[in-house]
Amino acid sequence: MKNNSFKIALNLSIYPLEAIKRASYAFTDIAFIEVKAMSQNNVQVIFTNKENVKISQTALKGKFLNELLHHCIRLNIAENNQKIREYIVTQALSSSTPFRTLRSKMIKPEKASKPVKQTKKSARKK
């Protein structure tokens, strides 16, 4: 392994694979990242710093683990709130005005108000 590379082993029973992928993606601007399955419950994340990137392996590892924790919490919150989100969306969509009703309420171009022509009578009154 190159001097600018390092590995992190992660247990899938602790960290969901989706969280690992999302956290890895957040660092693609400063490192090449490879996620490898090591066994049924373990993956290995391999980091290789890109050229001209000055960040220590310790700092990168710490930032990655923080980002991983962040995505784990986001996934947990999304899972816990899934039913209420679905309910809110269902309510919003069911209470909205159907398209046909909106279309029938719209002014049709041919029925739009046209400029009023002056008649001889209306012109004399001025």
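Summary of values
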quantity: Sequence-distant residues sharing a close amide H with ASN42 (under 5 Å, placed H); calculated: LEU12
quantity: Two-decimal log10 I(q)/I(0) for segment 5-83, as the Debye equation yields it once each C-alpha is a single scatterer, q = 0.17, 0.24 Å⁻¹; calculated: -0.65, -1.13
quantity: Label-point gap, in nm, between ILE55 and GLU34 - each point 7 angstrom along Cα→Cβ; calculated: 2.0
quantity: Whole-Hz ³J(HN,Hα) from phi, Karplus 6.51 cos²θ - 1.76 cosθ + 1.60, for segment 88-94, glycine and proline x; calculated: 4, 5, 4, 5, 5, 6, 6
quantity: Contact order normalised by residue count of segment 1-96, Cα under 8 Å, 6+ apart, percent; calculated: 32
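The numbers here are math on the coordinates, done by the rules we state, and not lab data. None of these values were measured; they are calculated from a predicted model. Don't worry about glycine lacking a Cβ; one is built from the backbone with ideal geometry, like all the others, and counts go over all protein chains shown.
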